[in-house]
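*Asks:* Before I ask anything, here is the structure I am working with.
The values are calculated or read from the model by the stated rules, or taken from the named source; none is laboratory data. No experiment lies behind these values; they were computed from the predicted model shown. In this analysis, Cβ positions are derived from the backbone assuming ideal geometry, glycine residues included, and neighbour counts consider all displayed protein chains. SASA here: full protein model, heavy atoms, side chains in, ligands and nucleic acids out. Shrake-Rupley method; radii C 1.70, N 1.55, O 1.52, S 1.80 Å.
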Amino acid sequence: HGLPYLDARLPVKRRVADLLARMTLAEKAGQMTQAERNALRAPGDIAGYALGSLLSGGGSVPSPNTPEAWARMIDGYQLRTRATRLQIPLIYGVDAVHGHNNVAGATVMPHNIGIGATRDPALAARTGAVTAKEVRATGVPWDFAPCLCVTRDERWGRSYEAFGEDPALVTAMETVIQGMQGARNGKDLDRNDKVLTSAKHFVGDGGTEFGSSTTGSYTIDQGVTRVTREELEAVHLAPFAEAVKRGAGTVMPSYSSLDVIGDEHGPVKMHANAEMINGVLKDRMGFEGFVISDWQAIDQIPGDYPSDVRTSVNAGLDMIMVPTNYQDFTRTLVAEVEAGRIPVSRIDDAVARILTQKFRLGLFEKPYADTTHLSSVGSAAHRAVAREAAAASQVLLKNEGGLLPLKPSQKVYVAGSNADDLGNQTGGWTISWQGSSGKHTTGTTILEGMRKNAPGLTWSKDASAPVEGYDAGVVVVGETPYAEGVGDVGNGHDLELSAADKAAVDRVCAAMPCAVLVVSGRPQLIGDRLPGIDALVASWLPGTEGDGVADVLYGRVPFTGQLPVTWPRSEAQLPVNVGDSSYDPQFPYGWGLTTLTAVPK
Ligand code: GLC
């Protein structure tokens, strides 16, 4: 071919410059356009609009939903780019936020809030490496993760996507970026077990004010983050400075708005925030990757669509997750450039940033899936890492009389809504966007894990079985799955236990020494029941490996987890965070008992 941009021996900068110089405005606009796979009017549109990227939204899966089918599906889209003049490969993105969670049979890790509870950065990196290997094996080179959200008010439906409320903890867990991408300089991105990451959502997504959301029925998600300049820097920006240092390939702005106390202007939508994206992220922090919008987020910018397009692109957005009306987007983008309202230099910078990552990923040399590691998806070795993470994420909040760990010889009674529900213990962003109760993928429930230690245990979900004559009861309570603002408190959710769970706790704990496990994306209000509970465990959303929870319950692994968020006494206390001047929670940030004497295997 002799075309420099196709010569892998040349430096990436040289290849980018050569390719950029060859591109028409329409081809540049195409590279900045990301469409959802189901929005394609025809596969031919991939070439027709020279689309630079496609995504699967949560739950947008091939049928059958198998690793092999994913690779075939994405290769099918990639093949279409061969019909373009310059044959620029498309980059496919998914939300693999706790394992390759859209794919049936994949390893599902604890959600980030549980990873934060482990306080183990090396383990976080290992979970990232497992996730990256499963994602890339299915032909996906880009993962819209990790969320570097700092969750400041657990009424937020995305609290569980955060590593915690403390920016230092979030920053410490960013080892996950190296687990997913490899070396900071991007040299490992062309490996068949690494993926491009997205540090999200820039900036302040976890700091929105309850009641400030104007999005549908949401109460806090996508609302307004009103902070002092100091709080903005220390709490919400610090994790992104770390992500830039770690070479995160992309950054995704937040739906939320930023209102810095003292600034003359009011709240500014993050997707329109040039001061933060161009000024802080790119100029001050030196971010060299590309900025990808959130799902249809530019449409929320006040003004008509042409204004949305020019405002976001001029603010520093490089690729737009349109994701449906891609025809309208590219047409509008070209028109705005031709009208001189978006400088060509801005377009060239955006396209150069996108092409740089595609060259680093090796997509020009290997545009199709490298399925070498396809058999690792959901493998025993990968599940072992998830099991270790699930165990390390368990936080022992109370342990009267040393009830835990249990002994296999004990007569144990198990009850509660979340003891035997794989869907509830994996939570949102699992198989579907919102997740679902019941058995929707391969995994082990907490009950199944307990049974391997104590085959003779009694299982009675609603605790209707007779409760006499037991050494200990284990009641596993908590939440049903949700994602994003759907999970906002006040939007059909609260922080109370369900009536059924309350009844099960009351019945079991009145009849025998009892341990209560809370399987949820955030703290639940235990309050007045606490005195009657002997042992209390925050289990978070442990993922597919319920064995990990059983491992600490039966002492194969000691409890070592520590609270990643403050556990409130009441909803009225929220937001309540470590460092607050008045601080009287049920359990403080960092709390966690240990049972260091692990019994012999
Ligand atoms: C969602 C989320 C974002 C996700 C994107 C694609 O609305 O806000 O975290 O990456 O859309 O699914």
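*Asks:* Can you tell me the accessible area per residue over the stretch 1-144, all protein chains present, probe 1.4 angstrom, in square angstrom?
*Replies:* That works out to 32 Å² per residue.
*Asks:* Which of the peptides 353-365, 535-547 is most tightly packed, and how do the rest follow, judged by the mean count of other Cβ atoms within 10 Å per residue?
*Replies:* Those peptides, ordered most packed to least, come out 535-547, 353-365.
*Asks:* Mind checking the per residue accessible area of the stretch 526-601 for me, 1.4 Å probe, whole number of Å²?
*Replies:* With the other protein chains kept in place, the stretch 526-601 gives 39 Å² per residue.
*Asks:* For the stretch 57-147, just list the percent of Cα-Cα distances falling in each 10 Å bin from zero outward, please.
*Replies:* 16, 44, 26, 11, 2, 0
*Asks:* When the gyration tensor of the chain is built from Cα positions, what are the square roots of 5 times its three eigenvalues, in whole Å, from largest to smallest?
*Replies:* In descending order the semi-axes read 43, 26, 19 Å.
*Asks:* Roughly what percent of Cα-Cα pairs across the stretch 457-601 reach past 19 Å?
*Replies:* Beyond 19 Å sits 58 percent of the P(r) for the stretch 457-601.
*Asks:* Considering only DSSP beta bridges with both partners in the chain, what is the antiparallel share in %, to the nearest 5?
*Replies:* Around 20 percent of the beta bridges assigned by DSSP in the chain are antiparallel ones.
*Asks:* Contact order normalised by length for the chain, with contacts defined as Cα pairs under 8 Å and 6 or more residues apart; what percent is it?
*Replies:* Rounded, it is 17 percent for the chain.
*Asks:* Given a 1.4 angstrom probe, what's the average accessible area per residue across the stretch 271-406, in square angstrom?
*Replies:* 34 Å²
*Asks:* Output the peptides 313-322, 273-282 sorted from most to least packed, where packing is the average of other Cβ atoms within 10 Å over each peptide's residues.
*Replies:* Ranking the peptides 313-322, 273-282 by packing returns 313-322, 273-282.
*Asks:* Which lysines, on any chain, are close to residue 398 with Cα under 26 Å apart, when same-chain ones fewer than 8 places away are left out?
*Replies:* 407, 411, 452, 461, 502, 601
*Asks:* Among the listed pairs 13/200; 200/245; 13/245; 13/282, which have their C-alpha atoms separated by more than 24 angstrom in this model?
*Replies:* 13/200
*Asks:* How much mean residue ellipticity at 222 nm does the chain get from its helices, if each DSSP H run of length 4 or more adds -39500 (n - 2.57) and you divide by all residues, to the nearest 500 deg cm²/dmol?
*Replies:* -8000 deg cm²/dmol
*Asks:* Follow-up. Roughly how many whole Å is it from the C-alpha centroid of the stretch 352-395 to that of the stretch 519-588?
*Replies:* About 30 Å separates the Cα centre of the stretch 352-395 from the one of the stretch 519-588.
*Asks:* Taking the highest mean first, how do the peptides 86-95, 141-150 order by number of other beta carbon atoms within 10 angstrom per residue?
*Replies:* Ranked from most to least packed, the peptides come out as 141-150, 86-95.
*Asks:* Please tell me the relative contact order of the stretch 15-59 in percent, rounded to the nearest whole number, where contacts are Cα pairs under 8 Å and at least six residues apart.
*Replies:* 42 percent
*Asks:* Additional query: How big is the antiparallel share of DSSP beta bridges in the stretch 29-158, given as a percent to the nearest 5?
*Replies:* 10 percent
*Asks:* Charges only on Cβ, +1 for Lys and Arg, -1 for Asp and Glu: so what's the dipole of the stretch 61-215 about the Cα centre, in debye to the nearest 20?
*Replies:* Once rounded to the nearest 20, the dipole reads 640 debye.
*Asks:* Then there is this: Considering only protein heavy atoms and a probe of 1.4 Å, how much of the accessible area of the chain is carbon and sulfur, as a whole percent?
*Replies:* Result for the chain: 54 percent of the exposed heavy-atom area is carbon or sulfur.
*Asks:* Calculate the FRET efficiency for residue 366 and residue 327 from the Cβ-Cβ distance with a Förster distance of 30 Å, rounded to the nearest 0.05.
*Replies:* Calculated value: 0.50.
*Asks:* I'd like the Kirkwood hydrodynamic radius of the stretch 120-226, using the inverse of the mean 1/r over distinct C-alpha pairs, in Å.
*Replies:* Mean inverse Cα-Cα distance, inverted, gives 14.6 Å.
*Asks:* While we're on this one: How large is ³J(HN,Hα) for each residue in the stretch 370-383, as worked out from phi by the Karplus curve 6.51 cos²θ - 1.76 cosθ + 1.60 (θ = phi - 60°), to whole Hz, x for Gly and Pro?
*Replies:* With coefficients 6.51, -1.76 and 1.60, one gets 9, 8, 3, 9, 4, 6, 7, 5, x, 5, 4, 5, 5, 5 Hz.
*Asks:* Also, I was wondering about something else. Can you give the extra length, in nm with one decimal, that the chain gains between residue 42 and residue 299 once fully stretched, where that is 0.36 nm per residue apart less the Cα-Cα distance?
*Replies:* 90.1 nm
*Asks:* If the convex hull of the alpha-carbon atoms of the stretch 267-322 is projected onto planes in all directions, what is the mean projected area in square nanometres?
*Replies:* If you wrap the Cα atoms of the stretch 267-322 in a convex hull and average its projections, you get 3.5 nm².
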